[in-house]
Amino acid sequence: MAEGLIYGINGPVVTIKGMVSFAMSDMVYIGKEDLVGEVISVGAEKTVIQVFEDTAGLAVGDLVKSIGRPMSVTLGPGLIGNIFDGIERPLRRIEGASGAFIPRGCNIDALDKEKLWDVEIKAEVGERLRSGSVYAVCRESIVINHRVMVPNGIEGTVSEIVKNGKYRCDDVVLKLKTDGGEAGLTLSQIWNIRAPRPVKKRLPMNVPLITGQRVIDSFFPVAKGGAAILPGGFGTGKTMTQHQLAKWCDADVIVYVGCGERGNEMTQVLEEFSNLVDPKTGSPMTERTIFIANTSNMPVAAREASIYTGVTLAEYYRDMGYDVAMMADSTSRWAEALREISGRLEEMPAEEGFPAYLPSRLSEFYERAGRFEVLCGESGSVTIIGAVSPQGSDFSEPVTQNTKRFTRCFWALDKNLAYSRHYPAINWISSYSEYFNELDGWYSKNVSADFAGYRKKMMFFLHEEERLMEIVRLVGEDVLPDDQKLLIETAKLIRVGFLQQNSFHEEDTFVSLAKQELMMKAIIYLNKKARNLISASIPISKVIETGIFSDLARMKYEIPNSRLDMFNDYFYKIDGEIEKLIA
Amino acid sequence: MIIRYSGLKEIKGSLIAVGGVGGVFFDEVVDIYLDGGAVRHGRVIQIEGDYAIIQVFEGVKFISLENTEICFKGHPMQMALSREILGRVFSGSGKPIDGLGEIRSEVDEFLDKNSRYVSRDVNGLPINPISRIYPKDYICTGISSIDALITLIRGQKLPIFSGAGMRHNDLAIQIAKQARVSNSGENNFAIVFAAMGVKNDVASYFREEFEYSGALGRVVMFLNLSSDPVTERILTPRFALTAAEYLAFDLDYHVLVIMTDMTSYAEAVREFSSSKGEIPGRKGFPGYLYSDLASLYERAGMLKGKKGSVTQIPILTMPGDDITHPIPDLTGYITEGQIVLSRLLEGKGFYPSVSILPSLSRLMKDGIGKGFTHQDHPVLADQLFASYSRVLDTRALSSVVGEDDLSSIDKIYLKFGSVFERYFINQGFHENRSMKETLDLGWRILSLLPRNELSRIKPEILSKHYIEDKNLISFVDDPQEMI
């Protein structure tokens, strides 16, 4: 084990003078309290370490020990439903050991080593196993079946197995005869957080991640395995939107990373998710969720690591053949952590003090998203949804701009929409999704052949409204001809009745694709019928007076997801009102 | 054995450097003895071999390379704590300045001999998110705009974004005086007041108001006035929050922490950073300003198994009223909402000049409604926001086309807007409205609008609260008459 002595301390950065046999990215323990750190620069003159904990109390001459492997996390049963800090330390057991405040040097194993799992062995003696092959399964939570896989780089013939039964995560359950000798496999393995886990090949991204949020599913969908960003100033509802997605999206496993955000928010997520029942499985949401919490007052270097810890856990479940969605709130805090460490290293800054390697770090991270054929032969995906907190709500800042380049789905949160309490405050003009073409086939096959057409029409109305409103702002609405007034009225209905979604309303918090499609259909139907009237010279004000527009604006609340037949009443109503006007 | 090192290597900004030291640890407290017996205090902020850089809280005036001796104290910055801190006044670096003597730390019988005295590191430790209770009990401030639309929750951090010359101090005082926790007769209420770089008369104004309301015995004050050393300002909120945490989590008090002015604090951090030669970020503030502010704001909340709570109301004056300035911007990203004051309303003579639309309370949604305030509160708030937002659009339109050319419904909105500002937002400095009064007033004003405009409210709730008879809701709304 390599060792060195502290020479200098500057905030979260510690230096060692002279040659030490540390390798880049090695995980180290520092000082009497065994603070955790990572080697970030190695040289003949000095070696630099970033410390994942508060460095107060460290002194020159304190010992630094390398454990001889990179910054890693432990992967195995017991991750689901758990909450970890940025370097995978279990916060529940930290509370048990030291109370409400997190002390320094609190090194507790990520997984509960004493817990017994009901293991079923899936391999036979004499069978040939490769990296990634599944050799055992155990029920990790009510909804997740944990598939135990051969760690990377190990291959061989099974020489010994245990009987099915209860085992701890460090018990050897299978022995492999490898070229180099014998390997005993347990239920857990270790993985370097900075390295993507290997896969067989990439698959096309042609299945959407269904979120139940209309503006996303219908207008700006993200594919399973895609990457989306959610930029917005404070108070625009980034966190609320992330919570909604984590609650309702149809991924099998959710990894929720609170990176440099509020402590109370994490508490709220935890509380809500344990009380909320997943409609698909009928069990609490926590049964499919892993939480990573590095709140804004926890050490900054661990914040930088938390994003990688999160994506590594996501990849691990992907390798079992699950669809995983990772929410990172907020990636700006991660970028700022990079900037802070970079500043302490006195590196030459690029834009706004961020290091020059910010774009390459961002692209490396977002490329870990994708839909893959994984080593065990199944298909799995990691979808990354990253919130971005631009300084001063200015989207031209480096983190937003660079993230935009490496993601294909952009959900721009708008301050003005949030001020007028239009939620989700996703701006329909500046947002986009490049996945729509790839997903078209899925939508027409699984929802309706008209889906893409409806979307295009509605986008047209909204864009036209934007143009017309410029005129209205100057001269008032009265001067517009009736067909344009109808267009504005329709766009208003789309905004209020379709895009606005109430996350506190029982029926509106999650909306099935079928209902989304019918809502669009109804709005477009009304518009078409009303256009006929206008060409018959009946003034638009008459149509509005019937109240049919306000009726349609309420259909999101009035029609339950389970009663889609009620849409017929609305179509009849439209027909009825229009006929009355013609007569 | 305590070693005194004499002589310095360098003096720069508020920093001094000492050479040839050993065994020094990061963040250690330092006493600096000057010739002639004066003692100053500092803290180790960087170590490079046997060379330590020290930040001097009282400033480096009169320090030369030869006339000082440095003594490392062997512990980080600490504060002695006991029940006696209530009613006391401290300097920005935690020294009693009211002439009533030092604080004897409380003896904690349950701890072992070595740690019997309650003395805490002022930097605090991060709260484990697992151990937090998600705050849900609302605080009734008696101020309509806040109670109805930006409800303050016990354990929340809700800053006031203000500007020079606006009445943020009055608002903070009124909140502190009137704040009552909903449906509980608890009387264990304390205020911690931290002044950073505020003018002398502002500090004494706060003191007088606390005294006048008879609360002085429950107030702990930390004063760093604008004439006091800048570096000390960095410590002031840390001492204040250490005291607050002690009162809340050891002594079960519900603590309201008022910190003013966060702008001066952030500027002190910038000054320190630049003297250290760090790479500046936006507007010269260091890249870690977010983490630094978070290490203060995150020290609010409630803990499982503890009765007390820490609620923070930081006040900051936005330079140039610019909400995108780094200080309000980063604050807004950390705090659970913000109360924004508007110069426009201030100019109309309204107090409190709360600008409704950019203001927000993030914790409000779970702390209002049935079982908390009143069942109709959430929809009322939602509709008031939406309708008032329409008022501002209409005003923008009317400034282009003139009021005469507005449609009749737009004219109703203008009327609604001006009544809402004058009767709902505007209220007296000594006026304490109950939650019921506030909500009833809200419904009365909302009833000025035609029923079908209130699309966010379910018909059954509307029929319960909407007032059809317009004679019942006449408001005098002639600005010239009012003056």
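Remarks
- Filter result for A:Lys247 (more than 15 Å from A:Asp85 (Cβ to Cβ), touching a residue at least 24 places away in the same chain (Cβ under 8 Å) and either assigned to a helix (DSSP H, G or I) or among the acidic types (Asp, Glu) (or both)): yes
- Condition check for B:Ser162: in contact (Cβ under 8 Å) with a residue 40 or more places away in the chain, open to solvent by less than 10 Å² (accessible area, probe 1.4 Å), in the same structural domain as B:Val255 (by TED's automatic domain parsing) and under 16 Å from B:Ile356 (Cα atoms): yes
- B:Pro326 vs. criteria more than 23 Å from B:Leu223 (Cα to Cα) and without any contact (Cβ under 8 Å) to a residue 24 or more places away in the chain: no
- Across segment B:311-342, the number of residues qualifying as touching a Leu at 6+ places or on another chain (Cβ under 8 Å) and assigned to a loop (DSSP other than H, G, I, E, B) comes to 2.
- Looking only at residues in segment A:379-399 that are within 14 Å of chain B (Cβ to nearest Cβ) and hydroxyl-bearing (Ser, Thr, Tyr), the one that is nearest to B:Asp322 (Cα to Cα) is A:Ser393.
- Counted residues, segment A:1-29 - those being touching a residue at least 60 places away in the same chain (Cβ under 8 Å) and of a type in the set (D, E, K, R): 1
- Residue pairs whose Cβ atoms lie under 6 Å apart, separated by 6 or more positions or on different chains, with the first residue in segment A:424-446 and polar (S, T, N, Q) and the second in a strand (DSSP E or B) and open to solvent by less than 20 Å² (accessible area, probe 1.4 Å), are A:Ser431/A:Phe410; A:Ser433/A:Cys409.
- Of the residues making up segment B:26-42, those that are out of contact with any His (no Cβ under 9 Å at 6 or more places or on another chain) and open to solvent by 10 Å² or more (accessible area, probe 1.4 Å) are B:Phe26, B:Asp27, B:Tyr33, B:Leu34, B:Asp35, B:Gly36, B:Gly37, B:Ala38, B:Val39, B:Arg40, B:His41.
- Checking segment A:344-359 against the condition returns no match, with no residue being away from chain B (no Cβ under 14 Å) and either buried (at least 24 other Cβ atoms within 10 Å of the Cβ) or touching a strand residue (DSSP E or B) at 6+ places or on another chain (Cβ under 8 Å) (or both).
- Flag for B:Ile150 being open to solvent by less than 10 Å² (accessible area, probe 1.4 Å), assigned by TED's automatic domain parsing to the domain that holds B:Lys95, β-branched (Val, Ile, Thr) and touching a residue at least 24 places away in the same chain (Cβ under 8 Å): yes
- Among the residues of segment A:40-59, the ones that are out of contact with any Pro (no Cβ under 9 Å at 6 or more places or on another chain) and crowded, with 23+ Cβ neighbours inside 10 Å come to 3 in all.
- For segment A:176-229, a residue qualifies if it is in a strand (DSSP E or B) and either among the small types (Gly, Ala, Ser) or touching a Cys at 6+ places or on another chain (Cβ under 9 Å) (or both), and the qualifying residues are A:Gly181, A:Ala183, A:Gly184, A:Ala223, A:Ala227, A:Ala228, A:Ile229.
- Residue, farthest from A:Thr241 (Cα to Cα), within segment A:472-516, restricted to residues that are open to solvent by 70 Å² or more (accessible area, probe 1.4 Å) and without any contact (Cβ under 8 Å) to a residue 12 or more places away in the chain: A:Val479
- Screening B:Ser361 against (1) in contact (Cβ under 8 Å) with a residue 40 or more places away in the chain; (2) assigned by TED's automatic domain parsing to the domain that holds B:Val476 leaves a single unmet condition, (2).
- Of all the numbered requirements in (1) touching a Lys or Arg at 6+ places or on another chain (Cβ under 6 Å); (2) within 26 Å of A:Glu577 (Cα to Cα), A:Ile548 misses one, and that requirement is (1).
- Looking only at segment A:11-27, and only at residues there that are in contact with a Gly (Cβ under 6 Å, 6 or more places away or on another chain) and modelled with pLDDT of 85 or more, the one that is nearest to the other protein chains (Cβ to nearest Cβ): A:Thr15
- All strands (runs of 3 or more DSSP E) inside segment B:15-87 with 3 or more residues being touching a Leu at 6+ places or on another chain (Cβ under 9 Å): B:15-18, B:39-48, B:51-56, B:68-76
- Per-region count, segment B:456-467, residues out of contact with any Ser or Thr (no Cβ under 6 Å at 6 or more places or on another chain) and either touching a residue at least 12 places away in the same chain (Cβ under 8 Å) or hydrophobic (A, V, I, L, M, F, W, C) (or both): 7
- Count of segment B:250-291 residues which are within 21 Å of the chain's Cα centre (by Cα), more than 10 Å from chain A (Cβ to nearest Cβ), of a type outside the set (A, V, I, L, M) and in a helix (DSSP H, G or I): 5
- Test: residue in segment A:272-289 that is within 12 Å of chain B (Cβ to nearest Cβ), part of a loop (DSSP other than H, G, I, E, B) and over 12 Å from the mean Cα position of the chain (by Cα): no
- From the list B:Ala268, B:Ala248, the lone residue that is farther than 21 Å from B:Leu171 by Cα and either at pLDDT below 90 or surrounded by fewer than 24 Cβ atoms within 10 Å (Cβ to Cβ) (or both) is B:Ala268.
So that you can scan it fast, the table gives a plain yes or no per residue for (1) surrounded by fewer than 20 Cβ atoms within 10 Å (Cβ to Cβ); (2) hydrophobic (A, V, I, L, M, F, W, C):
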residue	(1), (2)
A:Pro77	no, no
A:Ala136	no, yes
A:His146	no, no
A:Gly153	yes, no
A:Thr157	yes, no
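- When B:Glu278 is tested against (1) open to solvent by less than 20 Å² (accessible area, probe 1.4 Å); (2) free of Cβ contacts under 8 Å to residues at least 60 places away in the same chain, exactly one condition is not met: (1).
- When we screen A:Ile67, A:Ile108 for residues that are in contact (Cβ under 8 Å) with a residue 40 or more places away in the chain, among the hydrophobic types (A, V, I, L, M, F, W, C) and out of contact with any Gly (no Cβ under 7 Å at 6 or more places or on another chain), the only hit is A:Ile67.
- Helices (runs of 4 or more DSSP H) enclosed by segment B:343-447 - at least 3 residues per element that are within 14 Å of another protein chain (Cβ to nearest Cβ): B:364-367, B:377-401, B:408-419
- Test: B:Gly13 is within 30 Å of the chain's Cα centre (by Cα), more than 14 Å from chain A (Cβ to nearest Cβ) and within 18 Å of B:Val230 (Cα to Cα): yes
- Among the residues of segment A:402-432, those identified as open to solvent by less than 20 Å² (accessible area, probe 1.4 Å) and within 14 Å of A:Gly226 (Cβ to Cβ) are A:Thr403, A:Thr407, A:Cys409, A:Phe410, A:Trp411.
The values are calculated or read from the model by the stated rules, or taken from the named source; none is laboratory data. The shown structure was predicted, so the numbers you read here are calculated from the model rather than taken from an experiment. In this analysis, Cβ positions are derived from the backbone assuming ideal geometry, glycine residues included, and neighbour counts consider all displayed protein chains. What goes into the accessible areas is simple: the full protein's heavy atoms, side chains included, and nothing from ligands, DNA or RNA. Shrake-Rupley method; radii C 1.70, N 1.55, O 1.52, S 1.80 Å.
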